[in-house]
Amino acid sequence: MSKVLFLDIDGVLNSNLENDSHQTEISDGTLIDEEKVKLLALLVRETDSEIILHSGWRFWFDSELKPLCTQANKLVELLSKQNISISGITPDLTTEEIRKTRKFSLVKADEILLWMKMHNGVTNWVVLDDLDLHNDQIKRHQVKTDPVKGLTLENVKQAVKILSALHSVSQSDL
């Protein structure tokens, strides 16, 4: 594993955008926008990267990455349709208070950095998330999506640039 894409779901593969084909908010946790999955697949193929789920959706998978609910199953199906899959998930550093207040962005950066420390061989990485993750190191690797639009072609181009950068990760980066 050399290139890693840390993937959030809500605000990335779905959005708050309502239009003719999306009569309800698709960020309600039940729908994934297939067009966003196609863009994700383009990014994965273009960069030969592995997907690591760092979204709250990771709790909808068991330790073997098998879906535990309808939403997770639908996600796996849509990814599979594009010949891509989730390779892993970040560790859980949330507290009861964070879960109650839904302020997951406070620990997401630490979860990503911990995952990086636990896995050798990562040369380049990118984070796709619509939230500010409160960490300067993460910020340099983050493509921040607009939660109203979700993943766009411009986001994909920005992520390709980050994943194709010539510098590689060193232990001092972690």
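Find how much the distance from residue 139 to residue 117 grows on full extension, using 0.36 nm per residue of separation minus their present alpha carbon separation; answer in nm with one decimal. Numbers along the way, then the final one.
On the way: separation 22, 0.36 × 22 = 7.92 nm, distance 1.76 nm.
Additional length available on full extension: 6.2 nm.
Taking only the C-alpha atoms, wrap a convex hull around the stretch 3-173 and report its volume per residue in Å³ as a whole number.
Values: hull volume 19.9 nm³, N = 171.
Hull volume normalised by residue count: 116 Å³.
Between residue 34 and residue 148, with labels modelled 7 Å along Cα→Cβ, what's the label distance in nm to one decimal, could you check?
Each label point is offset 7 Å from its Cα along the Cβ direction, giving 2.7 nm.
So what's the back-of-envelope 222 nm ellipticity for the chain, counting only DSSP H runs of four-plus at -39500 (n - 2.57) apiece and dividing by all residues, rounded to 500? Let's see the in-between values first.
Numbers: 6 runs with 63 residues, N = 174.
Value at 222 nm, helices only: -11000 deg cm²/dmol.
Could you give the length gained by full extension between residue 65 and residue 102, i.e. 0.36 nm per residue of separation minus their alpha carbon distance, to one decimal place?
Details: separation 37, 0.36 × 37 = 13.32 nm, distance 2.30 nm.
Extra length available between residue 65 and residue 102 comes to 11.0 nm.
With just the Cα atoms defining each centre, how far is the stretch 52-115 from the stretch 139-164? Give it in Å.
Centre-to-centre (Cα) distance: 19 Å.
Given 0.36 nm per residue, what is the gain on full extension from residue 77 to residue 110 after removing their alpha carbon distance, in nm?
Between residue 77 and residue 110, full extension yields an extra 9.0 nm.
Once label points are set 7 Å from the Cα along Cα→Cβ at both residue 85 and residue 164, what is their separation, rounded to one decimal in nm?
Once both label points are built, they end up 2.8 nm from each other.
What is the magnitude of the charge dipole of the chain about its Cα centre, with +1 placed on the Cβ of each Lys and Arg, -1 on the Cβ of each Asp and Glu, and no other charges, expressed in debye to the nearest 20? Intermediate values should be presented prior to the final figure.
Details: 20 positive and 27 negative charges, 82 e Å.
Rounded to the nearest 20 debye, it is 400 debye.
How about residue 161: which lysines have a C-alpha closer than 26 Å to its C-alpha, ignoring those fewer than 8 places off in the same chain?
3, 36, 38, 81, 108, 117, 139, 144, 149
Readers should treat all values here as calculations from the given coordinates under stated rules, not as data from a laboratory. As the structure is a prediction and not an experimental result, all values here were calculated from the model. In this analysis, Cβ positions are derived from the backbone assuming ideal geometry, glycine residues included, and neighbour counts consider all displayed protein chains.
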